[in-house]
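Below: the structure, in structure tokens.
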Amino acid sequence: MVLINQKELFLGMKKIVFLLLTFSTALILLNSCGDKKANCEVISQAIVDNNEQMLKNEINKLCATYKPSKTGSDSYGQQKNLTKLTESISGNCDITISDVCYNCVNTTPPISTFKISFMVDTATYAKTIEIGLTPYNRLTYKGIRD
């Protein structure tokens, strides 16, 4: 008959609890690193106020969650991520996204664009957002135009 003393049993249970907590924390952190939802209020207010820095900060927060995934037809690896970005905005906000154009501005690296429009009271706001690439091929806000 094998006897386990209480101290060994306690230490074994402590290790199991520690491992479970570590595993649970890792799962929570991995799931929280996914796609962020757009802050609709910040995006629309930035456009209404012509506050480009506020818009840049919000767009770049969203872009930071998207990692490049190069394919044979997408050497920069951001086409799917541009779609995710525009879907994050249009899917969570009362904002319309149209004319999404991946790498359509012939610069090095190329710039992508999409049109964004929404209404506040009776006023319609419509702008074109420009998205470029960092030196590490990450999406980044480049500018806004009419």
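Throughout, read-outs are computed from the coordinates displayed, never taken from laboratory work. Values in this document were obtained by computation on a predicted structure and should not be read as measured data. Ideal geometry is used to build each Cβ from the backbone, glycine not excepted, and the neighbour counts take in all protein chains shown.
Here is a yes/no grid of residues against (1) under 18 Å from LYS37 (Cβ atoms); (2) of a type in the set (Val, Ile, Thr); (3) exposed (fewer than 12 other Cβ atoms within 10 Å of the Cβ):
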{"residue": "GLY72", "(1), (2), (3)": "no, no, yes"}
{"residue": "GLN78", "(1), (2), (3)": "no, no, no"}
{"residue": "THR86", "(1), (2), (3)": "yes, yes, no"}
{"residue": "PRO109", "(1), (2), (3)": "no, no, no"}
{"residue": "LYS115", "(1), (2), (3)": "no, no, no"}
{"residue": "GLU130", "(1), (2), (3)": "no, no, no"}
{"residue": "THR140", "(1), (2), (3)": "no, yes, no"}
{"residue": "ARG145", "(1), (2), (3)": "no, no, yes"}
Legend entry - Unmet requirement for ASN50, which otherwise passes all of (1) of a type in the set (S, T, N, Q); (2) surrounded by 12 or more Cβ atoms within 10 Å (Cβ to Cβ); (3) without any contact (Cβ under 8 Å) to a residue 24 or more places away in the chain; (4) not in a helix (DSSP H, G or I): (2)
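How many residues does the stretch 55-64 hold that are surrounded by fewer than 16 Cβ atoms within 10 Å (Cβ to Cβ) and out of contact with any strand residue (DSSP E or B) (no Cβ under 6 Å at 6 or more places or on another chain)?
First, the residues of the stretch 55-64 that are surrounded by fewer than 16 Cβ atoms within 10 Å (Cβ to Cβ): 57, 60-61, 64.
From what's left, out of contact with any strand residue (DSSP E or B) (no Cβ under 6 Å at 6 or more places or on another chain): 57, 61, 64.
Residues in the stretch 55-64 being surrounded by fewer than 16 Cβ atoms within 10 Å (Cβ to Cβ) and out of contact with any strand residue (DSSP E or B) (no Cβ under 6 Å at 6 or more places or on another chain): 3 in total.
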Inset, instruction - Please name all residue pairs, on different chains or six or more residues apart, with Cβ atoms under 6 Å, provided the first residue is in the stretch 114-139 and is assigned to a strand (DSSP E or B) and the second residue is hydroxyl-bearing (Ser, Thr, Tyr) and loosely packed, with under 13 Cβ neighbours inside 10 Å. - result: LYS115/SER98
Legend entry - Selection from the stretch 113-127 of residues that are among the small types (Gly, Ala, Ser) and closer than 16 Å to ILE89 by Cα: SER117, ALA126
